[in-house]
Amino acid sequence: MDLLVLRSLDAGERHGFAVSQWVHERTEGVLRAPDGALYKALHRLEGKGWIAARWGRSENRRKAKFYRITTAGRDALRHEREVWETFSSAIGRALEAEG
């Protein structure tokens, strides 16, 4: 979840629901970000200093907390992306292996 949240915010500031929509759209409906998991991830990332938040108004004029990625978050995104690519490549090799 952290990797997806960071990637969504790398594309621009968003409120929580918009992060959830981004994940759903970019994965062509395969993944959803359940509210509980999403907001835990947002709070965790904010605590690490990887994202920052401010209060504002959403498109429909509701009060919402908007999140943006920080410099430390961009560094973490690069690292987490490398870890994911290494992991997924290894799984792919194992699935394609004979015997």
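The values are calculated or read from the model by the stated rules, or taken from the named source; none is laboratory data. Remember, predicted model here, so these are calculated numbers, not experimental data. Cβ placement follows ideal geometry from the backbone for every residue including glycine, while neighbour counts extend to all protein chains displayed.
Tabulated data for the structure shown
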{"read-out": "Selected residue (criterion: farthest from residue 72 (Cα to Cα)) from residues of the range 6-26 that are hydrophobic (A, V, I, L, M, F, W, C) and in contact (Cβ under 8 Å) with a residue 60 or more places away in the chain", "value": "9"}
{"read-out": "Any hit, the range 77-97, residues being surrounded by fewer than 18 Cβ atoms within 10 Å (Cβ to Cβ) and not in a helix (DSSP H, G or I)", "value": "yes"}
{"read-out": "Those residues of the range 25-38 which are in a helix (DSSP H, G or I) and either closer than 16 Å to residue 10 by Cα or touching a helix residue (DSSP H, G or I) at 6+ places or on another chain (Cβ under 9 Å) (or both), in sequence order", "value": "25, 26, 35, 38"}
{"read-out": "Hey, residue 68 in a strand (DSSP E or B) and within 18 Å of residue 80 (Cα to Cα) or not", "value": "yes"}
{"read-out": "Criterion: touching a Lys or Arg at 6+ places or on another chain (Cβ under 8 Å), more than 21 Å from residue 78 (Cβ to Cβ) and modelled with pLDDT under 95 - qualifying residue of 62, 57, 32", "value": "57"}
{"read-out": "Count of residues meeting criterion [surrounded by fewer than 18 Cβ atoms within 10 Å (Cβ to Cβ) and closer than 12 Å to residue 5 by Cα] in the range 35-70", "value": "7"}
{"read-out": "Flag if residue 73 is touching a Leu at 6+ places or on another chain (Cβ under 8 Å), surrounded by 15 or more Cβ atoms within 10 Å (Cβ to Cβ) and touching a residue at least 60 places away in the same chain (Cβ under 8 Å)", "value": "yes"}
{"read-out": "Residue in the range 63-70 that is touching a helix residue (DSSP H, G or I) at 6+ places or on another chain (Cβ under 7 Å), of a type in the set (A, V, I, L, M) and touching a residue at least 60 places away in the same chain (Cβ under 8 Å) present", "value": "yes"}
